[in-house]
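To start, the structure under review is shown below, and the notes come after it.
Just so it is clear, none of the values below were taken in a lab; they were calculated from the coordinates. Computed from a prediction, not measured in an experiment: that's the story for all the values here. Note: ideal-geometry Cβ built from the backbone for every residue, glycine included; neighbour counts use all protein chains shown.
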Amino acid sequence: MITLLIQKVLSMFLLSAVGYICFKTKKVTMEGCRTISNILIFLSLPCVILNGFLTEFSKEKLLGLVFSTVAALLVILVSIIISRLFFSKDAVLNFAAAFSNPGFFGVPLIVASLSDGAVFYVATFIAFTNLFQWTYGVALLTKENKKTVPGNIVKRFLTAPFMIATLIGMFFFLTRVPMPKLILQTIQSISGLNTPLAMFTIGIYFAQANPAQMFKKVKLYKMSLISLIVIPLVSMLVLCIFPDQYVEMKTALLLVAACPAGTNVAIYAQLYDSDYTYAVESIIISTLFSIVTIPLVVQIAEMLHII
């Protein structure tokens with residue numbers, strides 16, 4: 001599994017390099033980047049989540065969904081608490097350390113090292129991550145800038161693409177209604193766009209950074225240490241309380257907990273007039289270090305027989 005993870009992470013970085021080159025050679029503009037982001041948010045990620053639910057129903061799977069929902073909530077709450085302990089005075093790094101990149105970085109790793117069906121176990125993690133980003137995360141950034149948080153959070157959450165996909169997926173899983181073959185094939189095809197488009201976007205972020213300044217910021221290294229090592233190690237303790245028979249669930253959740261900072265920290269920083277450049281730098285540094293830390297975290301978990 002470690003070998004597969006390393007190969008997949010390296011492959012994802014090569015895809016990022018393609019995005020970097022496309023932006024630097026002006027084949028992709030910022031407007032193009034926004035278009036790619038819309039495809040990711042409104043098409044590919046929802047299809048990945050939906051496809052994860054289109055698995056054979058069983059009581060064990062149903063119980064696994066319950067366990068994964070509880071585990072996801074606990075892991076995210078632990079991440080928020082740890083992040084706040086270390087970065088209470090730095091809203092951007094507080095946000096970046098608290099919320100990983102489960103949809104665009106974690107899902108490809110899960111599919112590569114486990115199976116498409118394992119995405120089933122992280123759907124609620126993705127939902128909770130987005131919920132807390134829209135509420136707690138935005139509150140961090142807006143408190144820093146004294147800007148009003150938009151209302152109607154519940155409506156926005158329930159109508160979000162990832163949430164609609166989760167609800168539709170749960171319907172098909174619980175009712176056992178078969179998905180028409182043609183529609184299923186279309187969903188699977190769109191799901192395949194998730195990894196390359198997501199990594200192209202990260203490559204475009206790389207192209208916007210100033211390495212000479214970025215690599216001098218010690219706080220970015222501290223944030224990476226907390227989000228990529230400390231939080232996943234504590235998450236292992238949380239996952240220990242769940243039955244050993246759900247090893248696939250625990251592995252999937254550990255992988256998403258060990259992922260680098262999510263791209264939403266940059267999106268929200270830009271939206272709410274926070275430090276967008278600083279947010280982009282937090283994504284880049286943590287993503288670079290994750291090539292080493294993700295396999296390391298998984299190896300530690302295997303040695304301790306947690307997964």
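Radius of gyration (Cα atoms) of the range 58-210, expressed as a multiple of 2.2 N^0.38 Å: 1.17.
Each of Ile229 and Arg84 was given a label point 7 Å from its Cα along the Cα-to-Cβ line. The distance between the two points is 2.5 nm. So what's the angle, to the nearest 10 degrees on a 0 to 90 scale, between helix 181-191 and the longest Cα principal axis of the chain? Tilt relative to the chain: about 30 degrees. Taking Cα atoms, how many degrees apart are the long axis of helix 194-208 and the longest axis of the chain, rounded to 10 and kept between 0 and 90? The angle comes out near 10 degrees.
Available extension along the chain between Val247 and Arg176 is 23.1 nm, counting 0.36 nm per residue and deducting the alpha carbon span.
Spin-label pair Leu62-Ile300: with each label point 7 Å from Cα along the Cα-Cβ axis, the two points sit 3.7 nm from one another. The GluC sites (Glu not before Pro) of the range 27-111 that DSSP puts in a loop, and whose beta carbon has at most 15 other beta carbons within 10 Å, are Glu56.
Qualifying chymotrypsin sites (Phe, Trp or Tyr not before Pro) in the range 200-266, where qualification requires a DSSP coil assignment and no more than 12 other C-beta atoms within 10 Å, are lacking entirely.
For the chain, the relative contact order is 33 percent, taking Cα pairs closer than 8 Å that sit 6 or more residues apart in sequence and dividing their mean separation by the residue count. Between the listed residues Leu50, Phe162, Met303, the Cα displaced farthest toward the positive end of the dipole of the chain, a dipole computed from Cβ unit charges relative to the Cα centre, is found at Phe162. With all pairs of different C-alpha atoms in the average, the Kirkwood value for the hydrodynamic radius of the chain is 19.4 Å. For the range 199-307, applying the loop criterion from DSSP together with a ceiling of 12 other beta carbons within 10 Å to the trypsin sites (Lys or Arg not before Pro) yields Lys216. For the chain, a Gaussian network of Cα nodes joined below 10 Å ranks Val238, Val75, Val218 by mean-square fluctuation, and the top entry is Val218.
How much FRET efficiency would the formula 1/(1 + (r/R0)^6) give for Ile6 and Gln188, where r is the Cβ-Cβ distance and R0 is 25 Å, rounded to 0.05? Don't skip to the answer; put the middle values down first.
Numbers: r = 26 Å, r/R0 = 1.04.
E(calc), rounded to 0.05, equals 0.45.
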